[in-house]
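Novice: Just passing along the structure, written as structure tokens.
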Amino acid sequence: MTWILLALALLALLALLVAGGSLGISRLMVTRAEPKTHALDDAPAREVVLVLGARVHGDRPSNMLEDRLAAALELYESGRAQKLILSGAHHRDDYDEVTVMRRWLEDRGVPPDDLYLDHAGLRTLDSMVRAREVFGVERLAVVSQDFHLPRAVYLGEQVGMDTIAVVAPAGYRYAEKVHRYNAAREHLARTRAWLDLHLLGTPPRHGGPPIDLGASGRATH
């Protein structure tokens with residue numbers, strides 16, 4: 001019985017340490033991202049803007065992804081972005097986030113030459129590392145929802161990019177349970193991102209040859 005109690009106490013202590021460490025990592029990312037995060041109306045110009053992918057339904061973006069695309073469109077139309085990298089999942093023939101993103105922007109007047117597709121943005125880690133290593137980006141604005149941006153900024157800075165964040169305004173009224181789910185999921189995702197970077201050295205799932213942002217984006221479509 002004594003050994004069982006001791007084991008339970010050690011497990012409880014370990015759980016507290018893990019929880020405390022996870023909270024610390026999350027707080028670190030939020031704190032470091034705060035001075036680099038901008039509302040859409042106040043966002044400064046950056047030549048390259050990265051739009052992080054999210055779920056699509058057939059040939060239609062989810063509400064959350066459409067909010068990101070609308071923010072990127074505003075940056076482009078206002079002259080605060082010249083090139084848009086659209087990074088998302090395209091790991092199956094029947095699921096293609098980046099083509100849906102491209103068509104949404106093209107339908108609203110963005111020239112195909114200025115749209116660069118990253119078909120291997122399976123995770124935020126992949127998107128940020130590939131922006132640096134495949135697309136050669138050094139200064140970047142990344143567009144997503146506010147809960148997502150601290151992790152994206154942290155990853156971008158850690159892989160050597162001067163990264164700012166632009167919050168995509170909500171064009172839809174999301175249910176409270178959606179906010180709770182996103183907050184809980186993102187807390188775990190921040191911890192995983194820190195472990196991937198600093199302990200596991202996790203690389204992107206796919207590499208690829210360099211893509212020249214000085215050339216037309218059509219070659220990536």
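Novice: 222 nm [θ] for the chain, helices only, -39500 (n - 2.57) per DSSP H run of 4+, per residue, to 500?
Specialist: It comes out at -15000 deg cm²/dmol, rounded to the nearest 500.
Novice: In whole Hz, what ³J(HN,Hα) sequence does the stretch 44-59 give by Karplus (6.51, -1.76, 1.60; θ = phi - 60°), x for Gly and Pro?
Specialist: With the stated coefficients, the stretch 44-59 comes to x, 6, 9, 4, 10, 10, 9, 9, 7, x, 7, 4, 10, 10, x, 9 Hz.
Novice: Which helices of the chain meet both criteria: a Cα extent of 18 Å or more along the helical axis and a mean Kyte-Doolittle score no lower than -0.5, with helices taken as whole DSSP H segments?
Specialist: TM-like helix candidates: 2-33, 63-77.
Novice: Ok, one more. Using every alpha carbon pair in the stretch 113-221, what percent of pairs falls into each 5 Å bin from 0 up to the bin containing the largest distance?
Specialist: With a bin width of 5 Å, the distribution comes to 2, 11, 19, 22, 20, 13, 9, 4, 0.
Novice: Each label point is 7 Å from the Cα along the Cα-to-Cβ direction; what then is the distance between the points at His187 and Asp113, in nm?
Specialist: 4.9 nm
Novice: So, one more: Take the Cα gyration tensor of the stretch 157-212, multiply each eigenvalue by 5, square-root it, and list the three semi-axes largest first, rounded to whole angstrom.
Specialist: 28, 18, 12
Novice: Here's another thing I want to ask about it. Share of antiparallel DSSP beta bridges in the chain, in percent to the nearest 5?
Specialist: Bridges in the chain that DSSP calls antiparallel: roughly 15 percent.
Novice: Listed highest first by mean packing, meaning other Cβ atoms within 10 Å per residue, what order do 182-190, 210-218 come in?
Specialist: 182-190, 210-218
Novice: With label points built 7 Å along Cα→Cβ from the Cα atoms of His206 and Glu176, find their separation and express it in nm.
Specialist: Going from the His206 label point to the Glu176 one covers 4.1 nm.
Novice: Next question. If the chain between Glu34 and Arg60 were fully stretched, how many nm would it gain, using 0.36 nm times the residue separation less the Cα-Cα distance?
Specialist: Taking 0.36 nm per residue and subtracting the Cα distance, the gain is 6.2 nm.
Novice: Separate question: According to the square roots a ≥ b ≥ c of the eigenvalues of the Cα gyration tensor, what is the shape class of the chain, taking rounded for a/c under 1.5, prolate for a/b larger than b/c otherwise, and oblate for the remainder?
Specialist: prolate
Novice: I would also like to ask the following. How high is the FRET efficiency from Asp41 to Glu138, r the C-beta distance, R0 25 Å, rounded to 0.05?
Specialist: Here the calculated transfer efficiency is 0.45.
Novice: Let me ask you something else. Could the peptides 192-198, 128-134 be put in order, highest first, of the mean number of other beta-carbon atoms found within 10 Å of their residues?
Specialist: Highest to lowest by the protection proxy: 128-134, 192-198.
Novice: Here's something else I'd like to know. Go through Ala33, Leu149, Tyr181 and say which Cα lies farthest out towards the positive end of the charge dipole of the chain; charges sit on Cβ, +1 for Lys and Arg, -1 for Asp and Glu.
Specialist: Of the options given, the answer is Tyr181.
Novice: Please compute the contact order of the chain in relative form: average sequence separation of alpha-carbon pairs under 8 Å and at least six residues apart, divided by the residue count, as a percent.
Specialist: Computed over the chain, the figure is 25 percent.
Novice: Just report the Cα centroid separation between the stretch 40-89 and the stretch 92-115, whole Å.
Specialist: 11 Å
Laboratory data are not the source of any read-out in this text; all were calculated from the coordinates shown. Since the structure is predicted, the reported quantities are computational estimates derived from the model, not experimental observations. Neighbour counts are summed over all protein chains in view; Cβ atoms, including those assigned to glycine, are modelled from backbone coordinates with ideal geometry.
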